[in-house]
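Contents: one structure, followed by commentary.
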Amino acid sequence: MISAQDVKRLRERTGAGMMECKKALTDAGGDFERAVDLLRERGLAQAAKKSGRAANEGLIESYIHLQGRIGVLVEINCETDFVANTPDFRNLAHDVAMHIAAARPRYIRREDVPAAEVEHEREILRRQALAEGKPEAIVAKMVEGRMNKFYQEVCLLEQPFVKNPDVTVDQVIKEHIARLGEQIAVRRFTRYERGEELEPAGVGE
């Protein structure tokens, strides 16, 4: 028997609707954590269906950290002003800005990394693998594995989310897409740190 209290608790935990929470608990046989996983899986599937829709509204969020030592501006887009003005969307924008301040991404997604930088990194990793005495036959696989770690370090969407390292920033955004019912995208960001050398800002379309 699924209690109303369990449904309420699941809704508070995930932000999903009452009916979705009740169905997830039923499908999970009352297992609360499994129900959370089911809602996440279903939410990501719904988010994928919305990925092609235009997102031209939204907001620019700022975040200042360490008494003005680090500052971030990030533009996050959605489809309507209505969603842009919801606390949920504004909290997401704030969290993403805070994450950028803490995690220092340089790009939004791996497609944004310049080809020359990718090839340079790939060549360094190839030489490292060879220097470790690895056979040529497995060097390529090692390089690809290490390139994935490189992307996780420099690309915002692939980084573990600072408030919950068990999920990536991309997963957090997709969960909000499912919850708010609109496409959401990080368009661009700029991160400043007092005294640092000037670098190109992360951009994306």
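The values are calculated or read from the model by the stated rules, or taken from the named source; none is laboratory data. Since the structure is predicted, the reported quantities are computational estimates derived from the model, not experimental observations. Quick reminder, even Gly has a Cβ in these numbers, built from the backbone with ideal geometry, and neighbours come from all protein chains shown.
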Yes or no: residue 150 among the hydrophobic types (A, V, I, L, M, F, W, C), modelled with pLDDT of 90 or more and not in a helix (DSSP H, G or I)?
no
How about segment 142-169: which of its residues are in contact (Cβ under 8 Å) with a residue 60 or more places away in the chain and more than 30 Å from residue 127 (Cα to Cα)?
161, 162, 163, 169
Name the pairs: first residue in segment 7-27 and exposed (fewer than 15 other Cβ atoms within 10 Å of the Cβ), second residue modelled with pLDDT under 85 and part of a helix (DSSP H, G or I), Cβ to Cβ under 7 Å, at least 6 apart or on different chains?
13/36; 18/11; 27/38
Among the residues of segment 173-185, which ones are out of contact with any His (no Cβ under 6 Å at 6 or more places or on another chain) and buried (at least 19 other Cβ atoms within 10 Å of the Cβ)?
173, 174, 175, 176, 177, 178, 179, 180, 182, 183, 185
Residues that are under 24 Å from residue 56 (Cβ atoms), surrounded by 11 or more Cβ atoms within 10 Å (Cβ to Cβ) and in contact with a Cys (Cβ under 6 Å, 6 or more places away or on another chain): does segment 149-169 have at least one?
no
Positions within segment 153-201 being assigned to a helix (DSSP H, G or I) and not β-branched (Val, Ile, Thr), in sequence order
153, 156, 157, 158, 170, 171, 174, 175, 176, 178, 179, 180
The correct count of residues that are in a helix (DSSP H, G or I) and surrounded by fewer than 16 Cβ atoms within 10 Å (Cβ to Cβ) in segment 123-142 is 11
